Amino acid sequence: MSTDTGARPPAPVAGAGEPDTRRDQRRRRAVALLVPVLLVAVAGTLRLYRLAEPPEIYFDETYYVTDARSLLAVGTEEEFAVHPPLGKWLIAAGIAVLGDNPVGWRAPGALAGSVTVLLTYLAGLRLFGRRGVAALAALLLAVDGLAFTMSRIAMLDAFLALFVVAGFWLLLADHDRRWDAAPGPGDGLPRLRCPHRWLAGVVLGLALATKWSALLAIGAAGLFVAASELAWRRRVTGSPWTRVWAPALSVAGALVVVPVAVYVASYAGWFMNFTETRVGRQACPVAAECDAGTVDIARAWVGEQREIQRFHGALEAPHRYRSPASEWLWLRRPVAYHYASCTPQDSGCAIPPGTVAHIVGLGNPVLWWLALLAYPALVWFGVRHRDWRAGALLAFLAGQYLPWLLARRPLFLFYLAPVVPFVALAVGWCAVRLAERRGLRWVPWALAVAAVAAFAFFYPVYAAYPLDPHAWRQRMWFDSWI
């Protein structure tokens, strides 16, 4: 299976055609470098511009910035933490480098969001072998409102999305390596190493060390790798079950053992600074009198994990922006992270009098509503045509969305942050497939222009840009968005 991004240029030959051939090669190399650089530059500029607005902690930053400060001060969270520590360590790194200020809190997420755009482009190249699809998908992600807002707030979801897409990209490399090396039918089953699969396990372990919801992506990864292995064995030997124990062990090792090991390792600060934790203070009121023989720290850690599980399982709290997963795909109830208003009579406002500043985690309607047409197309290509690329996207789309339909705890639209790159890949691919039909070559360009225009229109309510109340209301198309 080729992973080329396009047709290979012909080999140079002596004569008049040689300068043109070399010129074409240089042009292709320049485009191959320029496209991802431009995409990252656009994504990074959008995410870094006005990053300090609003200038105060808002929404769930209050939890994660507080924990990040604690990590820097004593090496662990001092109070009960309902999420693993890795994402908060990344926020702490921003504070350590840029200071304890809004830019320091949010810069790591902005960087993660920008790199996720690049990884989506690289995954698109791996998956489709076409630079146009990859670039369109990356652009759609760069101008998606949910991805944009989640990478400009000091929360964990931008890091989760980064690690999930990185793991997906590595699994695509693992798939290509295996299929490129596959012998013809009847030649026997070769023994191949799979370093990319193990690296994907490490990266997905980093996702798990950020939020437990990474388990959904890990499950999707296991499904994709297992299906790929069975299909590869069927092609080589005629039976998908030949030496099936080998891939079973590989999948279990790479996508179960490795992520668990990375997850446990992410708590190194917790173990090393046990007496500073909530559990440690309870077990060791006098830290100087507490040593490794006094408390079973491993058992205390397991107990803390059970407390986290009980918290998430029993959580029930009223919240005006909670919404069931069944309403997410058409953006019925986005989450407002920040809202400030200032009437002409108010004094001491942080925004101009007579304006409204709003941040709402609303996906780009052009992307999300067209995706409702792309999902059936993916099923058609995957089932009717047995297209493995559609199957790969479906695994990560459905695997990270459908389980939320069964959840009983309060849910919010931003839980789909790690799904948005796959939505962009699906819509980009379908648009380019349509462009192959006569008279529809304009579709990808029209999609790109419409998505950018929609982002520009909604930008003020993505980035807390002050608007007069009438202009703000024009962007709240439905009452459920307020």
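Can you pull the three principal axis extents for the Cα set of segment 207-323, in Å, largest first?
Each principal axis gives a Cα extent; for segment 207-323 these are 67, 46, 17 Å.
Quick one: Y58, Y121, fewest Cβ neighbours within 10 Å first, how do they rank? Provide the component values of the computation, followed by the final result.
Numbers: Y58 18, Y121 28.
Arranged by neighbour count, lowest to highest, Y58, Y121 become Y58, Y121.
List, largest first, the extents of the alpha carbons of segment 16-132 along their principal axes, each in whole Å.
73, 28, 22
Report the calculated FRET efficiency for L315 and A41 (r = Cβ-Cβ distance, R0 = 51 Å), to the nearest 0.05.
Plugging the Cβ-Cβ distance into 1/(1 + (r/R0)^6) gives 0.80.
For each of H175, H196, count neighbouring Cβ atoms within 10 Å of the residue's Cβ, then give the residues from fewest to most.
Starting with the residue having the fewest Cβ neighbours, the order is H196, H175.
Evaluate the distance, in nm, between pseudo-label points positioned 7 Å from the Cα of R235 and of A252 along their respective Cα→Cβ axes.
About 2.7 nm separates the two model spin labels.
Rounded, prolate or oblate, given the Cα gyration tensor of segment 25-481, with a/c below 1.5 counting as rounded?
oblate
Quick one: which residues, 5+ away or cross-chain, put their amide H under 5 Å from the amide H of F412? H built at 1.01 Å from N.
Residues meeting the criterion, in which the H sits 1.01 Å from N, are S323.
Arranged from highest to lowest average of other beta-carbon atoms within 10 Å per residue, in what order do the peptides 245-251, 376-382 appear?
Final packing ranking: 376-382, 245-251.
When a footprinting reagent is the concern and you count Cβ atoms within 10 Å, what order do F412, F80 take, fewest first? Intermediate results must be reported in sequence, preceding the final value.
Working: F412 17, F80 12.
Lowest to highest Cβ neighbour count: F80, F412.
Evaluated at 20 °C with a viscosity of 1.002 mPa s, what Stokes-Einstein diffusion coefficient in µm²/s does segment 322-440 have when Rh comes from the Kirkwood expression over alpha-carbon pairs? Don't jump to the answer; show the numbers that get you there.
Working: Rh = 16.7 Å.
Answer from the Stokes-Einstein relation: 128 µm²/s.
What is the dipole size for segment 25-481, taken about its Cα centre, with +1 at each Lys and Arg Cβ and -1 at each Asp and Glu Cβ, in debye to the nearest 20? Each step should come with its number before you reach the end.
Values: 43 positive and 29 negative charges, 503 e Å.
Once rounded to the nearest 20, the dipole reads 2420 debye.
Return the calculated 222 nm mean residue ellipticity for the chain, to the nearest 500 deg cm²/dmol, obtained by summing -39500 (n - 2.57) across DSSP H runs with n ≥ 4 and dividing by the residue count. Don't jump to the answer; show the numbers that get you there.
Numbers: 19 runs with 283 residues, N = 482.
Theoretical 222 nm ellipticity from helices: -19000 deg cm²/dmol.
Suppose R0 equals 51 Å. What FRET efficiency, 1/(1 + (r/R0)^6) with r the Cβ-Cβ distance, do L372 and R281 give to the nearest 0.05?
About 0.50, to the nearest 0.05.
The chain: longest stretch without exposed GluC sites (Glu not before Pro) (DSSP loop, at most 14 other Cβ within 10 Å), sites themselves excluded? Intermediate results must be reported in sequence, preceding the final value.
Working: sites that count: E56, E79, E316, E436.
Formally, the longest exposed-site-free interval is 80-315.
Return the FRET efficiency for the residue pair V260, D180: r is the Cβ-Cβ distance, R0 is 30 Å, and the value is rounded to the nearest 0.05.
That pair, V260 with D180, gives E of 0.50.
Which value in nm describes the separation of the simple spin-label points at W477 and D296, placed 7 Å from the Cα toward the beta carbon?
Between W477 and D296, the simple spin-label model gives 5.7 nm.
Using a 7 Å offset from the Cα along the Cα-to-Cβ direction at both H470 and A446, what is the distance between the two label points in nm, to one decimal?
3.2 nm
Give the distance, in whole Å, between the Cα centre of segment 393-443 and the Cα centre of segment 211-246.
22 Å
Bear in mind these aren't lab numbers, they're just calculated from the coordinates by the rules spelled out. Because the structure is predicted, anything quoted here is derived from the model rather than measured. Every residue, glycine among them, receives a Cβ derived from its backbone with ideal geometry; neighbour counts consider all protein chains shown.
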